[in-house]
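The values are calculated or read from the model by the stated rules, or taken from the named source; none is laboratory data. For clarity, every value in this text was computed on a predicted model and none was experimentally measured. Methodologically, a virtual Cβ is constructed for each residue, glycine included, from the backbone with ideal geometry; neighbour enumeration extends over all protein chains shown. Remember, those area values only see protein heavy atoms, side chains included, never the ligands or the DNA or RNA. Shrake-Rupley method; radii C 1.70, N 1.55, O 1.52, S 1.80 Å.
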Amino acid sequence: MALADTERGVSNCSDLGSPFSEIIELNVGGQVYVTRHKTLIAVPDSLLWNMFTKKSPKELAKDSKGRYFLDRDGFLFRYILDYLRDLNLVLPDYFPEKSRLQREADFFQLRDLTKRLSPRVSKDNSISEEISQSDTEEGAQQCSSSGGMETLRAMSVSGATRSPSLDSRKSGYITIGYRGSYTIGRDIQTDAKFRRVARITVCGKTALAKEVFGDTLNESRDPDRPPERYTSRYYLKYNFLEQAFDKLTEVGFHMVACSSTGTCAYTSNDPNEDKIWTSYTEYVFCRDQ
């Protein structure tokens, strides 16, 4: 099969001098991408350019299905690929993972993209991600005319309104849910034997969930949910409720409600055996703007 793939790649190569096929399949951190060979080599001297021009298909790592494998963030690679298609970067209005995307751009040796993602530092050493070179030049020209300073102040205020740091402080609700079980022996005084919490779920607006939990949020069940939509399919990568509560508290959330349900069953038909209690609990957190 590998030999057939290689032969098919040579026959359908993107140019006469390349051993790679015109259509390339990639496995990036478990996420599968299909793109053109010319897209991957759009930026000379980048990592992908070196991989798919300087090396042969046999030299590159592949997964079990013959796709070229890259051990990187599969979710963020979509933005890397979008940039390579037309060398233009378009991100969602609220994108809390810009620093991680910058790290990915640096790994793939995309210098221009890394520069675009770098936070800009103003004269007072404050970081602003909204100030672009064109805005600065336009503001400088307006400064030379009467009332220019007032115009710049207005631009600064409007820029602050659009700042992601302020957007991240929007009000909203996040619900934390978990399901657990424990047993109680025949002697009611016997200590309950708690079992490990199976999973902590996160329900709420996608943008808020990503802001609060970041890398600890597992999005594998709902990876393409846009920031303005709601989801109840996310869950956390750890099993301690206190960690979730700490993260919510750090960004200004407070608990406003809690509810719990429970069921009881026996491990066998013998009523003398230990009872197993299963409970599901939800904690509702709110943040006011």
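Pop out the carbon and sulfur fraction of the accessible area of region 23-117 as a percent, whole number, probe 1.4 Å.
Details: 2370 of 5140 Å².
Accessible surface attributable to carbon and sulfur in region 23-117 totals 46 percent.
Peptides 78-84, 229-235: what's the order by average Cβ count within 10 Å, highest mean first? Before the final figure, lay out the partial values.
Working: 78-84: 19.4, 229-235: 16.1.
Output ranking for 78-84, 229-235: 78-84, 229-235.
With the cut-off at 28 Å, tell me which of the pairs K38/K115; K65/K98; K62/K247; K38/K62 have Cα atoms farther apart than that. Don't skip to the end; give the middle numbers.
Values: K38/K115 23 Å; K65/K98 32 Å; K62/K247 38 Å; K38/K62 19 Å.
In this structure, K65/K98; K62/K247 exceed 28 Å between Cα atoms.
Can you give me the accessible area per residue for region 23-117, using a 1.4 Å probe, in Å²? Working shown, then result.
On the way: 5140 Å² over 95 residues.
Here the residues of region 23-117 average 54 Å² of exposed surface.
About the Cα centre of region 23-117, how large is the charge dipole given +1 on each Lys and Arg Cβ and -1 on each Asp and Glu Cβ? Please answer in debye to the nearest 20. Write down the numbers at each step before the final one.
Working: 17 positive and 13 negative charges, 53 e Å.
Using only the charged Cβ atoms, the result is roughly 260 debye.
Give me the orientation-averaged projected area of the Cα convex hull of region 23-117, in nm², one decimal.
Numbers: hull surface 23.5 nm².
Spelled out: convex hull of the Cα atoms, projected over all directions, averaged, 5.9 nm².
Fully extended, how many nm does the chain gain between D246 and D106 (0.36 nm per residue separation, minus their Cα-Cα distance)?
Values: separation 140, 0.36 × 140 = 50.40 nm, distance 3.16 nm.
Here the segment from D246 to D106 would lengthen by 47.2 nm.
Could you tell me which of Y83, N27, T114 has its Cα farthest along the dipole of region 23-117 towards the positive end, charges placed at Cβ (Lys, Arg +1; Asp, Glu -1), taken about the Cα centre?
Final value for the positive-end residue is N27.
Quick check on packing: order 24-36, 251-263 by the mean number of other C-beta atoms within 10 Å, highest mean leading. Each step should come with its number before you reach the end.
Values: 24-36: 16.2, 251-263: 12.5.
Taking the mean over residues of other Cβ atoms within 10 Å, the ranking is 24-36, 251-263.
Sorted by packing (mean other beta-carbon atoms within 10 Å per residue), highest first, where do 203-211, 85-93 land? Don't jump to the answer; show the numbers that get you there.
Details: 203-211: 21.3, 85-93: 11.6.
My ranking of the peptides, most packed first, is 203-211, 85-93.
Per 0.36 nm of contour for each residue apart, how much would the distance between R229 and F95 grow if the chain were fully extended, relative to their Cα-Cα spacing? Intermediate values should be presented prior to the final figure.
Numbers: separation 134, 0.36 × 134 = 48.24 nm, distance 1.37 nm.
Working it through step by step, the gained length comes to 46.9 nm.
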